[in-house]
Amino acid sequence: MAETTTGRRERKKAQTRQALTDAAVRLFTERGFDNVGVREVAEAADVSLSTLFKHFPSKEALVFDLDADIESALIAAIRDRTSGQPVLHALRDHMVHTRTAVRTDDPTFVLVESTPALRDYARRMWSRHEKALAATLADATGLAPDDPAITGLARFALEAPSLARASDDPARAVRDLFALLEHGWATTPLARQEDSPGQDG
């Protein structure tokens, strides 16, 4: 009985969060992020202002409902990787599968990209993920969390999807970026061209 009640309560919370997120994205898209107050979002979702703040700590957070889920999945990609799979490959595959399918015409994507406050919030959000990812990588490799190899890999992995987004094939671009990290600049066509005879230094 208790399990059923708990499950019903969790579904209700999820429905409330979804209603708030949907209302926020709709209102922000229609009128602009700066022109909509949190009270209006709460009213549109038919909940109280206090209920809104129980689920979301800030106005910006309304647009990033999956923040905790994103971080959990990122950590799981390392901790639950196949036996013998390098952490670099696990990170690459996770980023390809989860971060390259974002459509540039998606309303939320357009809203974030066109709103400085949301872009800044997204950047801060990724910085928090970077710390969690570095700690997980440290556990997996035995290196210290502040080792440059760990902090560098964590930052690179999180930045790679945004770098690849401008490509016609973001998934391939992410793979190419991780290949560059794994094998180094010396293996790229440009580097080989630089080393060829007759080229000025």
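Some observations on this one:
- Scanning the range 84-113 for residues that are open to solvent by 60 Å² or more (accessible area, probe 1.4 Å), among the polar types (S, T, N, Q) and not in a helix (DSSP H, G or I) yields a count of 1.
- Entry remark, the range 26-75: residues being open to solvent by less than 20 Å² (accessible area, probe 1.4 Å), of a type outside the set (Phe, Trp, Tyr) and in contact (Cβ under 8 Å) with a residue 40 or more places away in the chain number 4 in total.
- Checked against the criteria, VAL112 does not count as among the aliphatic types (A, V, I, L, M), more than 29 Å from GLY32 (Cα to Cα) and at pLDDT below 95.
- Where ARG81 falls short, out of the listed (1) open to solvent by less than 40 Å² (accessible area, probe 1.4 Å); (2) of a type outside the set (S, T, N, Q); (3) not in a helix (DSSP H, G or I): (1)
- Residue count, the range 156-198 (criterion: modelled with pLDDT under 80, open to solvent by 90 Å² or more (accessible area, probe 1.4 Å) and more than 17 Å from the chain's Cα centre (by Cα)): 7
- Among (1) open to solvent by less than 60 Å² (accessible area, probe 1.4 Å); (2) free of Cβ contacts under 8 Å to residues at least 40 places away in the same chain; (3) not acidic (Asp, Glu) - the single one PRO116 does not satisfy: (1)
- In the set (1) surrounded by fewer than 16 Cβ atoms within 10 Å (Cβ to Cβ); (2) of a type in the set (Gly, Ala, Ser); (3) closer than 13 Å to VAL63 by Cβ, ALA122 fails one condition alone, (1).
- For the range 24-44, the set of residues classified as among the aliphatic types (A, V, I, L, M) and farther than 13 Å from LEU111 by Cβ consists of VAL38, VAL41, ALA42, ALA44, listed by residue number.
The values are calculated or read from the model by the stated rules, or taken from the named source; none is laboratory data. Keep in mind that what you see is a predicted model, and the values were worked out from it rather than measured. Every residue, glycine among them, receives a Cβ derived from its backbone with ideal geometry; neighbour counts consider all protein chains shown. When the accessible area is computed, the model is the full protein with side chains, heavy atoms only, and any ligands, DNA or RNA have been set aside. Shrake-Rupley method; radii C 1.70, N 1.55, O 1.52, S 1.80 Å.
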